[in-house]
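Here is the structure we will look at, set down as structure tokens.
The values are calculated or read from the model by the stated rules, or taken from the named source; none is laboratory data. Every value quoted in this text rests on a predicted model; they were computed, and no experiment measured them. Reconstructed Cβ throughout: ideal geometry from the backbone, glycine too, with neighbour counts over all protein chains shown.
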Amino acid sequence: MTDDIDRAQAREQQLRADALRDQARRAGLAGKTMADSAMDCQDCGNPIPPARRWAMPGCVRCVPCESAQERMKGRFL
Ligand SMILES: [Zn+2]
């Protein structure tokens, strides 16, 4: 019985890890770090806040420009 629960928990953790990795890959963030994030927005040139550069490794736009970009692509987050 305990073994079943242990296996179920291990399986769940594996699925969660896979899901997170897939999400990062889809977002094009796999293997990126804060150092890959741009200092300034490539669209408007405003500085990108460190918190965003840290939270979104590899980002190249500020939040408003990223939102506009995503609206143009037709996919809301
Ligand atoms: Zn911008």
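This table checks each residue for (1) polar (S, T, N, Q); (2) away from the ligand (no atom under 16 Å from the Cβ); (3) on the phi > 0 side of the Ramachandran plot; (4) in contact (Cβ under 8 Å) with a residue 60 or more places away in the chain.
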| residue | (1), (2), (3), (4) |
| --- | --- |
| Leu15 | no, yes, no, no |
| Leu20 | no, yes, no, no |
| Gln23 | yes, yes, no, no |
| Met34 | no, yes, no, no |
| Asp40 | no, no, no, no |
| Ile48 | no, no, no, no |
| Arg53 | no, no, no, no |
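Looking at this structure, is Gln23 in a loop (DSSP other than H, G, I, E, B), surrounded by 10 or more Cβ atoms within 10 Å (Cβ to Cβ) and of a type in the set (S, T, N, Q)?
In short, no.
Assigned by TED's automatic domain parsing to the domain that holds Gln69 and basic (Lys, Arg), is that true of Arg25?
Spelling it out, it is not the case that Arg25 is assigned by TED's automatic domain parsing to the domain that holds Gln69 and basic (Lys, Arg).
I'd like the full set of residues that are out of contact with any Lys or Arg (no Cβ under 7 Å at 6 or more places or on another chain) and within 14 Å of the ligand (Cβ to nearest atom), limited to the range 55-77.
Residues satisfying the conditions are Met56, Val60, Arg61, Cys62, Pro64, Cys65, Glu66, Ser67, Ala68, Glu70, Arg71, Met72.
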